[in-house]
Amino acid sequence: MIFCRALGQGAFGEVYQGLYRHRAGDAVEMPVAVKTLPHLSTSQAETDFLMEALIMSKFKHPNIVHFIGVCFDQHPRFIVIELLAGGDLKTFLREARPKPDRAASLTMKDLLSCIVDVAKGCKYMEENRFIHRDIAARNCLLTTKGPGRVVKIADFGMARDIYRADYYRKGGKAMLPIKWMPPEAFLDGIFTTKTDVWSFGVLMWEVLSMGYMPYTGCANREVMQLVTNGGRLAPPTNCPPQLYAIMTQCWQPNPEERPGFGLILERLGYCMQDPDVKRAPLPVYTKPPSSERDT
Ligand code: ADP
């Protein structure tokens, strides 16, 4: 295992790009991502870190980050996973926004393809009765920023945390992704696959607004009130009505009335075929993204 360069800072420690050789002496070296745990970590952090590896190791799907291995017999402890060099979906979309001096670098077809990738990963988790609890653009990573990119679900921190005995004491509601959660989750703590369906609807909204913060300027407390009273995110500018219809179905107050991921994929498939959808322009911006507060 060779560590090459830092990719980012995670909740536990640094994430590096590395080169991995399956067996000593193997000619092929594979570029990988290596998540490390700092030397001086608590045993709780060590357990959490290992738990995330265990969760990832269970999945085998092209739209979920691929687990390669762990090293726990020396320091730093590390997890080896597939390298997703395109960064996270939210940052990617924000950087690709059309600007006055630059035409849009993406098309509606590109946005739809990102959405379909995430839906496929979600369908696989649904089939395996796994509830992710934190489907959001920030938790999806891209193989590459360029054409042919594949989006993968890459963060299982929230699903991991529910295994902790002190989960409900951990930071309380401030730690929860309220803006991505349906009412039954933030009011009653009920999580099902239909919780992920709601969050997926919010992710669709994030993608079609090219990385806007949902309910911009609203505090979590206000969002809970708004959503409980039937308020919903408005369609992003230029959003084809067929796509907004899928989002609003994901945001049905009654979880049972929300579609499953099989049905969502079927409907997204129709949208991919629809010339009106494919031709739709990307959102336009009336204010610079820098004025957007991440609250
Ligand atoms: P957190 O613990 O905050 O959820 P992670 O530890 O998953 O974050 O990752 C921190 C950062 O490292 C990410 O924002 C991303 O930039 C980078 N990263 C994580 N996993 C990968 C990967 N498989 N390939 C490339 N970069 C990654």
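With the cut-off at 1.5 for a/c, could you classify the stretch 128-235 from its C-alpha gyration tensor as rounded, prolate or oblate?
Here the stretch 128-235 falls in the oblate category.
As I understand it, the dipole of the stretch 183-284 uses +1 on the Cβ of Lys and Arg and -1 on the Cβ of Asp and Glu, about the Cα centre. Which of ILE190, PHE261, GLY211 lies farthest toward its positive end?
GLY211
Counting only C-alpha contacts under 8 Å and six or more residues apart, can you give the relative contact order of the stretch 28-133 as a whole percent?
Contact order relative to length: 26 percent.
As an exercise, use a Förster radius of 41 Å and the Cβ-Cβ distance of SER105 and HIS75 to find the FRET efficiency, rounded to the nearest 0.05. Could you put the intermediate results ahead of the total?
On the way: r = 42 Å, r/R0 = 1.04.
About 0.45, to the nearest 0.05.
About the Cα centre of the stretch 206-282, what is the dipole size in debye to 20, counting +1 per Lys and Arg Cβ and -1 per Asp and Glu Cβ, all else neutral?
Value, rounded to 20: 120 debye.
Using the Cα centre as the reference, give the magnitude of the dipole from point charges on the C-beta atoms of the stretch 75-231 (Lys, Arg: +1; Asp, Glu: -1; all else neutral), rounded to the nearest 20 debye.
Roughly 260 debye, rounded to the nearest 20.
Please compute the modelled spin-label separation between ASP26 and THR248, points set 7 Å along Cα→Cβ, answer in nm with one decimal.
5.1 nm
Quick one: what do you get for the stretch 241-283 if you divide its Cα Rg by 2.2 N^0.38 Å? Spell out each step's value before the answer.
Working: Rg = 11.5 Å, N = 43, 2.2 N^0.38 = 9.2 Å.
This ratio for the stretch 241-283 stands at 1.26.
Farthest toward the dipole's positive end in the stretch 28-166, which of CYS71, LEU83, ALA136, given Cβ charges of +1 (Lys, Arg) and -1 (Asp, Glu) about the Cα centre?
ALA136
For the chain, what does the helix formula give at 222 nm: sum of -39500 (n - 2.57) over DSSP H segments with n ≥ 4, over the residue count, nearest 500 deg cm²/dmol?
Using -39500 (n - 2.57) per qualifying helix, the result is -11000 deg cm²/dmol.
Compute the Cα gyration tensor for the stretch 1-141, then decide on rounded, prolate or oblate, letting a ≥ b ≥ c be the square roots of its eigenvalues: rounded whenever a/c is under 1.5, prolate when a/b is larger than b/c in the other cases, and oblate in all that remain.
Because a/c hits 1.5 or more and a/b exceeds b/c, the stretch 1-141 counts as prolate.
So what's the Cα pair-distance distribution over the chain, bin width 5 Å, in %?
The calculated distribution, bin by bin, is 1, 5, 11, 15, 17, 17, 14, 10, 6, 3, 1, 0, 0.
Using only the alpha-carbon atoms of the stretch 17-95, report the extent along each of the three principal axes, biggest first, to the nearest angstrom.
Between the extreme Cα coordinates on each principal axis of the stretch 17-95 lie 37, 35, 23 Å.
Under the definition of Cα pairs under 8 Å and six or more residues apart, what whole-number percent is the relative contact order of the chain?
16 percent
Taking the Cα centre as origin and putting +1 on Lys and Arg beta-carbons and -1 on Asp and Glu beta-carbons, what dipole magnitude results for the chain, to the nearest 20 debye?
My answer is approximately 420 debye.
Where a number appears in this text, it was derived from the coordinates with a stated rule and is not lab data. All values derive from a computational prediction rather than experimental measurement. Because the Cβ atoms are built from the backbone with ideal geometry, glycine has one as well, and the counts that use them run over all protein chains shown.
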